[in-house]
Structure formats: structure tokens, C-alpha cells
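Enquirer: I have a structure here, written as C-alpha cells, and I will follow up with some questions on it.
Just so it is clear, none of the values below were taken in a lab; they were calculated from the coordinates. Keep in mind that what you see is a predicted model, and the values were worked out from it rather than measured. We place every Cβ from the backbone using ideal geometry, glycine too, and count neighbours over all the protein chains shown.
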Ligand SMILES: [Zn+2]
């Protein structure tokens with residue numbers, strides 16, 4: 001299975017957990033691009049946060 005990548009509106013390619021910042025919400029945390037703070041879709045973030053550089 002190929003890794004999930006997400007190209008943010010700022011142009012950053014998000015592929016690994018450390019490319020995201022987590023904002024704790026009341027129920028579900030929101031994941032955001034660490035470069036610009038734009039929220040990443042939850043389904044995408046779910047996959048990216050399990051990916052680590054080898
Ligand atoms: Zn961004």
C-alpha cells in the first residue's frame with residue numbers, strides 16, 4: 001500500500017505524523033498543517049498520523 005500524502009493549500013506535502021499538529025477539541029482532536037495551521041480532513045489525518053519516516 002502506498003503512503004497517504006496530502007498537499008496542503010500552502011503547498012506543503014503532508015506525509016508523516018510530524019507534519020501535523022494536533023489541536024485537542026472537546027470530543028475529537030483536529031489535525032492541522034504544522035506549516036500554516038490549515039485543518040486537514042479527518043480521514044486523511046487518520047492515515048497520515050500512522051505514518052512515520054523509516
Ligand atoms: Zn499548510
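Enquirer: How many residues are over 13 Å from residue 50 (Cβ atoms) and in a loop (DSSP other than H, G, I, E, B) when one looks only at segment 6-19?
Expert: 5
Enquirer: In segment 9-32, what residues are within 15 Å of the ligand (Cβ to nearest atom) and farther than 18 Å from residue 43 by Cβ?
Expert: Across segment 9-32, the qualifying residues are 10, 11, 12, 18.
Enquirer: Restricting segment 43-52 to residues that are in contact with a strand residue (DSSP E or B) (Cβ under 7 Å, 6 or more places away or on another chain) and without any contact (Cβ under 8 Å) to a residue 40 or more places away in the chain, which is farthest from the ligand (Cβ to nearest atom)?
Expert: Applying the filter and picking the extreme gives 49.
Residues are listed down the side, and each one gets a yes or a no for (1) out of contact with any helix residue (DSSP H, G or I) (no Cβ under 6 Å at 6 or more places or on another chain); (2) assigned to a loop (DSSP other than H, G, I, E, B); (3) surrounded by 16 or more Cβ atoms within 10 Å (Cβ to Cβ):
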site: 21; (1), (2), (3): yes, no, no
site: 26; (1), (2), (3): yes, yes, no
site: 31; (1), (2), (3): no, no, yes
site: 35; (1), (2), (3): yes, yes, no
site: 43; (1), (2), (3): yes, no, no
site: 46; (1), (2), (3): yes, no, no
site: 50; (1), (2), (3): yes, yes, no
